[in-house]
Amino acid sequence: MRGQCIEEFAAGDVIESRARTVTETDVVTFSWVSGDVNPMHTDAVHSAKSPVGQRIAHGALGLSIATGLSAGLGYLEGSAVAALGIDEWKFLKPILFNDTVHLRATVVSARPTSKPDRGVLVRRMELINQHGEVVQSGLMTTMVLTRAGRDAVRAAQH
C-alpha cells in the first residue's frame, strides 16, 4: 500500500496531477456510455450556432476525468476506504475539445473518526485548463485508513 494514512494529511496541502487532453474520442465514447447525446456534445452544426460556438465535453465527463486524475496521484492507493461524497461541484467554464486539463487537490480537512481504523479527508478539487482557468471545482470527501487501520490490514494480509 503506497497511499497515505489520514494522519499524513494536513489542511492546506496541495498536490497537482499530470495533464490530460480531452479528445473528441473521449466525448463520443462518454456520450455512448452515458446515453447523453445532447447536440452540444455530439452535433458540430448545432453547437456551432450556440453561444459557445463549438461542441463541448459533458460536465460529468470533466468530473470523471477529475476523479481519474485524482486516482493517478497515488496518495490514496490502498488507503482509501470509500468515497463519501462530492459537494459544491461547479461547472465554471466549458471544456472544449482538445483542452488539456490537470487537477489541483487541496486538503481542506483531515480528521480521525470515532472508529480508530479510519478518518475523513476533505479535498477541494479544481480541474484547470491549459490557460490556467478553473473549469470545474468542488469538494470530495473520502474515508481513509488511519495508521492503525493500515497496520491491521497489513497484519490480516500476512
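Among the residues of region 86-107, those identified as under 20 Å from residue 14 (Cα atoms), out of contact with any helix residue (DSSP H, G or I) (no Cβ under 7 Å at 6 or more places or on another chain) and without any contact (Cβ under 8 Å) to a residue 60 or more places away in the chain are 86, 87, 88, 90.
Among residues of region 140-152 that are over 20 Å from residue 107 (Cα atoms), those with a Cβ under 7 angstrom from a residue that is open to solvent by less than 10 Å² (accessible area, probe 1.4 Å), sequence gap 6+ or separate chain, pair up as 150/5; 150/79. Filtered by the rule that a residue be part of a helix (DSSP H, G or I), in contact (Cβ under 8 Å) with a residue 24 or more places away in the chain and touching a Gly at 6+ places or on another chain (Cβ under 9 Å), region 2-51 gives 6, 7. Could you check how many residues of region 124-158 are of a type in the set (S, T, N, Q), part of a strand (DSSP E or B) and touching a Gly at 6+ places or on another chain (Cβ under 7 Å)? Number of matching residues: 2. Here is a list: 105, 71, 83, 110. Which entry is part of a helix (DSSP H, G or I) and either surrounded by fewer than 20 Cβ atoms within 10 Å (Cβ to Cβ) or in contact with a strand residue (DSSP E or B) (Cβ under 8 Å, 6 or more places away or on another chain) (or both)? Just a single option satisfies the conditions, and that option is 71.
Can you name every residue in region 1-41 that is of a type in the set (Ser, Thr, Tyr), open to solvent by 40 Å² or more (accessible area, probe 1.4 Å) and out of contact with any Asp or Glu (no Cβ under 9 Å at 6 or more places or on another chain)? So that I can check it myself, show each step before the final result.
As a first pass, look at region 1-41 and keep what is of a type in the set (Ser, Thr, Tyr): 17, 21, 23, 25, 29, 31, 34.
Of the ones still in play, those that are also open to solvent by 40 Å² or more (accessible area, probe 1.4 Å) are 21, 23, 25, 29, 34.
Passing the criteria: 23, 25, 29, 34.
The values are calculated or read from the model by the stated rules, or taken from the named source; none is laboratory data. What you see is a predicted model; the values in this text were computed from it and never measured. FYI the Cβ positions are ideal-geometry reconstructions off the backbone, even for glycines, and counts take in every protein chain you see. The area values use the complete protein model at the heavy-atom level, side chains included, leaving out ligands, DNA and RNA. Shrake-Rupley method; radii C 1.70, N 1.55, O 1.52, S 1.80 Å.
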